[in-house]
1. Quote the relative contact order of the range 11-90 in percent (integer), defining contacts as alpha-carbon pairs under 8 Å separated by 6+ residues.
2. For ALA25 and TRP67, what does the FRET efficiency come to when R0 = 25 Å and r is the distance between their Cβ atoms, rounded to the nearest 0.05?
3. For the range 3-83, with only Lys/Arg (+1) and Asp/Glu (-1) charged at the beta-carbon, what is the dipole magnitude about the Cα centre, in debye rounded to 20?
4. Calculate the FRET efficiency for ASP41 and GLN8 from the Cβ-Cβ distance with a Förster distance of 35 Å, rounded to the nearest 0.05.
5. So for ARG44, ARG55, ARG27, fewest C-beta neighbours within 10 Å to most, what's the order?
6. 222 nm [θ] for the chain, helices only, -39500 (n - 2.57) per DSSP H run of 4+, per residue, to 500?
7. Report Rg/Rh for the chain, rounded to two decimals, where Rg is the Cα radius of gyration and Rh the Kirkwood radius.
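Bear in mind that the values in this text are calculations on the coordinates, not laboratory data. Computed from a predicted structure; not experimentally measured. Cβ: placed from backbone, ideal geometry, glycine included. Neighbour counts: every protein chain shown.
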Amino acid sequence: MNATTLAQALSLADAAASVREAAAALRLQFTPMKVVVVDADDMRTETPAAQGERRALYLGTSDGHCWQVTQDPAQAVGLFIADRRCGTPT
């Protein structure tokens, strides 16, 4: 995933009415990338790869069993998406 693709993903996610609808749209647009809805509080110690007005996206990587957040776009095989937490700076 590169910066342009990430910006497209964020735009699509921010335009959706709900985080679940955003995830569905991302799954369609970015097949075969995995997209997982997560709670914003569960991601409070992680740095998002991109933040919009309504959503935050985190890059996900996997060893085939366990998932984790990565800051390396070359390792990204999935996206974690969360609603933005109130008071979270852009």
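1. 30 percent.
2. Working: r = 21 Å, r/R0 = 0.83.
After rounding to 0.05, the efficiency reads 0.75.
3. Roughly 240 debye for the range 3-83.
4. Calculated transfer efficiency: 0.85.
5. With the sparsest Cβ surroundings first, the list reads ARG44, ARG27, ARG55.
6. Values: 2 runs with 24 residues, N = 90.
The helix contribution divided over the chain gives -8500 deg cm²/dmol.
7. 0.92
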